[in-house]
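Report on one structure; see the data block that follows.
The values are calculated or read from the model by the stated rules, or taken from the named source; none is laboratory data. Since the model is a prediction, treat every value here as computed from it, not as a measurement. No Cβ is skipped: glycine too gets one built from the backbone with ideal geometry, and neighbour counts run over all protein chains shown.
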Amino acid sequence: MILSNRVIFLGTAGARFTVFKQIRASGGMWLELENTNILVDPGPGALIRCLRSKAKLDPKKLDAIIVTHRHLDHCADVNVMIEAMTEGGSKPKGKVFLPKDAIEEDPVVLKYLQNYVLGIEILMPNKTYTIKGVKFIPPIPHIHGVETYGLNFYVNNKCISYITDTKFFPTLPTYYPGEVVILNVVLLHPNKDKEIMHLSLEDAKKIITKLKPKLSILTHFGMTMIKAKPWKLAEELTKELGVKVISANDGMKLEV
């Protein structure tokens with residue numbers, strides 16, 4: 001059997017206004033890795049995006065759901081996706097992985113649904129988790145107001161890194177060694193407001209320059225990035241840095 005390894009971007013919206021106005025969709029990412037199906041950050045509309053996807057994504061085939069943090073654009077559809085994955089609880093399956101504060105302090109998964117899955121696991125820094133044949137590690141807590149983790153997925157001795165929402169800090173790139181790196185880039189320019197803890201295009205440039213991955217994918221755009229046409233920004237970064245950078249779009253299927 002030929003196993004596909006691909007990422008399907010159910011949505012590429014980041015920040016409140018982009019999500020609430022649905023200027024871009026906000027369904028998160030579906031990963032197909034070694035015959036294992038993982039949904040990451042099911043924001044508003046994740047179920048609709050799955051069912052309408054040209055990739056024909058069937059929620060019943062999910063093996064796990066991962067929530068990197070408890071903000072709505074990353075978890076709003078987690079409950080309906082659990083319902084769909086388990087066929088209303090009639091066929092318990094799958095696991096949910098999420099930070100401690102997303103299940104204990106301010107639960108994003110409804111109590112009655114917690115029994116529909118085969119387990120709920122708390123994300124902890126530098127701990128190895130396994131979903132069927134796929135291993136992943138959340139390497140370090142991010143700086144983002146609530147407990148937040150990025151993810152490193154390991155398949156066939158290769159690494160796919162997902163740098164979710166965070167304020168930039170100098171050691172951040174060292175924790176994400178992926179040949180493929182997916183970056184949430186909300187801001188076009190660095191923001192001096194300390195409450196806006198998101199990466200800017202300049203931050204992404206620093207990360208890509210440090211890591212030099214085979215492929216970098218920009219996603220999770222705020223309004224300033226969208227207005228600046230992120231596909232053009234990605235082309236400019238490719239020319240400037242000498243490494244391949246692309247901009248994700250809603251529904252994009254990427255073989256990794």
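Test ILE196 against the criterion of being surrounded by fewer than 18 Cβ atoms within 10 Å (Cβ to Cβ), of a type in the set (A, V, I, L, M) and closer than 17 Å to THR148 by Cβ, and give yes or no.
It is true that ILE196 is surrounded by fewer than 18 Cβ atoms within 10 Å (Cβ to Cβ), of a type in the set (A, V, I, L, M) and closer than 17 Å to THR148 by Cβ.
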Residue tally, condition touching a residue at least 12 places away in the same chain (Cβ under 8 Å), farther than 20 Å from ILE8 by Cα and in a loop (DSSP other than H, G, I, E, B), over the stretch 213-256: 2
query: Which one of these is assigned to a loop (DSSP other than H, G, I, E, B) and within 18 Å of the chain's Cα centre (by Cα): PRO177, PRO190?
result: PRO177
query: Out of the stretch 63-80, which residues are among the hydrophobic types (A, V, I, L, M, F, W, C) and crowded, with 23+ Cβ neighbours inside 10 Å?
result: ALA64, ILE65, ILE66, VAL67, CYS75, VAL78
query: Under the condition of being surrounded by 21 or more Cβ atoms within 10 Å (Cβ to Cβ) and in contact with a Phe, Trp or Tyr (Cβ under 8 Å, 6 or more places away or on another chain), which residue from the stretch 138-149 is nearest to VAL40 (Cα to Cα)?
result: PRO138
field: Any hit, the stretch 114-135, residues being closer than 24 Å to ASN5 by Cβ and touching a Cys at 6+ places or on another chain (Cβ under 9 Å)
entry: no
task: Go through ALA15, ALA25, ALA84 for me and flag whichever is in contact (Cβ under 8 Å) with a residue 12 or more places away in the chain, on the phi > 0 side of the Ramachandran plot and hydrophobic (A, V, I, L, M, F, W, C).
output: ALA15
message: Can you tell me how many residues within the stretch 141-174 are assigned to a strand (DSSP E or B), under 19 Å from GLU255 (Cα atoms) and either in contact with a Leu (Cβ under 8 Å, 6 or more places away or on another chain) or of a type outside the set (Lys, Arg) (or both)?
response: 10
- request: Out of the residues in the stretch 150-171 that are touching a strand residue (DSSP E or B) at 6+ places or on another chain (Cβ under 7 Å) and within 17 Å of LEU201 (Cα to Cα), state the one that is surrounded by the most Cβ atoms within 10 Å (Cβ to Cβ).
  value: ILE163
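Can you tell me which residue within the stretch 100-115, out of those that are within 19 Å of the chain's Cα centre (by Cα) and closer than 7 Å to ARG70 by Cβ, is surrounded by the fewest Cβ atoms within 10 Å (Cβ to Cβ)? Lay out the reasoning, then the answer.
Step one: filter the stretch 100-115 for residues within 19 Å of the chain's Cα centre (by Cα), giving 100-103, 108-109.
Pick out the ones that are also closer than 7 Å to ARG70 by Cβ and you get 101-102, 108.
Values: ASP101: 16, ALA102: 27, VAL108: 20.
It comes out as ASP101.
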task: Hey, could you check the stretch 125-143 for residues that are charged (D, E, K, R) and more than 16 Å from the chain's Cα centre (by Cα) and say which is modelled with the highest pLDDT?
output: LYS127
- request: Sort out which residues of the stretch 165-180 are closer than 21 Å to GLU147 by Cα and among the β-branched types (Val, Ile, Thr), and write them in order of number.
  value: THR166, THR171, THR174
query: Quick one: LEU51 ticks every box in (1) over 14 Å from the mean Cα position of the chain (by Cα); (2) touching a residue at least 12 places away in the same chain (Cβ under 8 Å) bar one, so which box is it?
result: (2)
